[in-house]
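What follows is a single structure, written as structure tokens, with notes after it.
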Amino acid sequence: MLDNGKPYHMAFGDIGGVADCFRYFAGLTDKYSGRTLHTPDANTTGYTKKEPIGVCGLISPWNFPLLMATWKLAPCLAAGNTCVHKISEITPLTCLYLADLMNKAGIPKGVVNMVPGYGKIAGEALIKSRDISKVSFTGSTVIGRRVQEASS
């Protein structure tokens, strides 16, 4: 409400969706497992193993700062990844407060990293980093194309 000027009832309405999203993905954490594959050769066993991707670069927009951040953070964390989240320079307070809550909840330092800043600087550095294994972007089509080109 303070960050992007939403009416109180709308801002408060996001909280239920945020809790549901974290609860849903938390419920999946013990469901990620590999599969045993049948092979033509009886002496061979094949299997798959699900592993974290690594560091995910997350970029979210200003209009639903808490909800959009949650849609990116919850699956990222549930899959065992860490993240660098470039938060909107227009509405940074919401995600900085979320980071404080995550810290108080016991999420280890360095697992979730919130980075406020302008897209041309912070976003650009994030998508061009070779330390980022996956990028998730929500925003305009024009910028989305630039993100795709730069991160490939």
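What number goes with the only condition from (1) surrounded by fewer than 16 Cβ atoms within 10 Å (Cβ to Cβ); (2) under 26 Å from LYS31 (Cβ atoms); (3) without any contact (Cβ under 8 Å) to a residue 60 or more places away in the chain that SER133 does not pass? Among (1) surrounded by fewer than 16 Cβ atoms within 10 Å (Cβ to Cβ); (2) under 26 Å from LYS31 (Cβ atoms); (3) without any contact (Cβ under 8 Å) to a residue 60 or more places away in the chain, SER133 violates only (3). With respect to the conditions (1) free of Cβ contacts under 8 Å to residues at least 40 places away in the same chain; (2) surrounded by 15 or more Cβ atoms within 10 Å (Cβ to Cβ); (3) not acidic (Asp, Glu), ALA105 lacks only one, and its number is (2). Right, TYR118: out of contact with any strand residue (DSSP E or B) (no Cβ under 7 Å at 6 or more places or on another chain) and surrounded by 15 or more Cβ atoms within 10 Å (Cβ to Cβ) or not? Taking the combined requirement at face value, the residue does not satisfy it. Residues that are free of Cβ contacts under 8 Å to residues at least 60 places away in the same chain, touching a Cys at 6+ places or on another chain (Cβ under 7 Å), among the aliphatic types (A, V, I, L, M) and not in a loop (DSSP other than H, G, I, E, B): does the range 56-65 have at least one? Checked the range 56-65: no residue is free of Cβ contacts under 8 Å to residues at least 60 places away in the same chain, touching a Cys at 6+ places or on another chain (Cβ under 7 Å), among the aliphatic types (A, V, I, L, M) and not in a loop (DSSP other than H, G, I, E, B). Of all the residues in the range 69-122, those that are among the charged types (D, E, K, R) and more than 22 Å from ALA19 (Cβ to Cβ) number 4. Criterion applied to THR44, THR82, THR29 was being surrounded by 14 or more Cβ atoms within 10 Å (Cβ to Cβ), of a type in the set (Ser, Thr, Tyr) and either closer than 26 Å to GLN148 by Cα or modelled with pLDDT of 85 or more (or both), and the one residue passing it is THR82.
The values are calculated or read from the model by the stated rules, or taken from the named source; none is laboratory data. The shown structure was predicted, so the numbers you read here are calculated from the model rather than taken from an experiment. Neighbour counts run over all protein chains shown; Cβ positions are idealised from the backbone, glycine included.
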